[in-house]
């Protein structure tokens, strides 16, 4: 009886294999990893349904981006400040394909500006901008990015009156992919602010900055 059962199993397996060959049906499972990976990456770039399929924490983790770098700023003539190197830190979240919202903190600390007095002046300039940006792919490794924002700015001086004001900022830059989640960024930033720092009354000043930074994120 046992031999008969073995025979039945053997002939059944052979018949199934023969039927699979005749019908053209697959007789084994295959996994093509590279096309599947490319498809997953493309789905990651187009994520209109992520708001409904992911929890808030998962969404922020998947679409967050951290950026840090340096800015060499040429201040407007009305501020009577020398050009100087500062630093910035930015956190952003992509809310739509190629569209993000972000917050940027900047810090600039330098010595004597070209003030009229003979005293040495130490200046601390800080700003916090809230804004949005767009990311336009140009080629596989390169992209154009632009953004704008608004936020408070603080001037702290060792000899002049401290000032506070709201500024507007605009940015245009190019990015180059260094690694899968790491990009080099270089561009120009234009800031405009109404302030009485180093002035008798409020005047609108325009500053130009050269930016170099690193982006880390999806």
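The values are calculated or read from the model by the stated rules, or taken from the named source; none is laboratory data. Model, not experiment: these values are computed from the prediction. Positions of Cβ are generated from backbone atoms using ideal geometry, with glycine treated the same way; all protein chains shown enter the neighbour counts.
I'd like to know if region 109-122 contains one or more residues that are surrounded by 15 or more Cβ atoms within 10 Å (Cβ to Cβ) and modelled with pLDDT of 95 or more.
no
From 161, 157, 127, grab the single residue that is loosely packed, with under 13 Cβ neighbours inside 10 Å and either in contact with a strand residue (DSSP E or B) (Cβ under 7 Å, 6 or more places away or on another chain) or touching a residue at least 24 places away in the same chain (Cβ under 8 Å) (or both).
161
Step by step: first the residues of region 178-218, then only those that are in contact with a strand residue (DSSP E or B) (Cβ under 9 Å, 6 or more places away or on another chain), in a loop (DSSP other than H, G, I, E, B) and over 16 Å from residue 155 (Cβ atoms), then the one that is modelled with the highest pLDDT. Which residue is that?
Once the filter is applied, the top-ranked residue is 181.
Considering only region 56-92, state which residues are under 30 Å from residue 157 (Cα atoms) and assigned to a helix (DSSP H, G or I).
Answer for region 56-92, where residues must be under 30 Å from residue 157 (Cα atoms) and assigned to a helix (DSSP H, G or I): 77, 78, 79.
For region 161-177, name all the residues that are over 14 Å from the mean Cα position of the chain (by Cα) and more than 21 Å from residue 85 (Cβ to Cβ).
161, 162, 163, 164, 165, 166, 168
Please specify each residue of region 72-100 satisfying the condition of being farther than 19 Å from residue 182 by Cα and crowded, with 16+ Cβ neighbours inside 10 Å.
If the condition is that a residue be farther than 19 Å from residue 182 by Cα and crowded, with 16+ Cβ neighbours inside 10 Å, then 73, 75, 76, 79, 80, 81, 84, 86 are the ones that fit.
I'm told residue 201 meets every condition in (1) surrounded by fewer than 19 Cβ atoms within 10 Å (Cβ to Cβ); (2) within 24 Å of residue 84 (Cβ to Cβ) except one. Can you identify the failing condition by its number?
(2)
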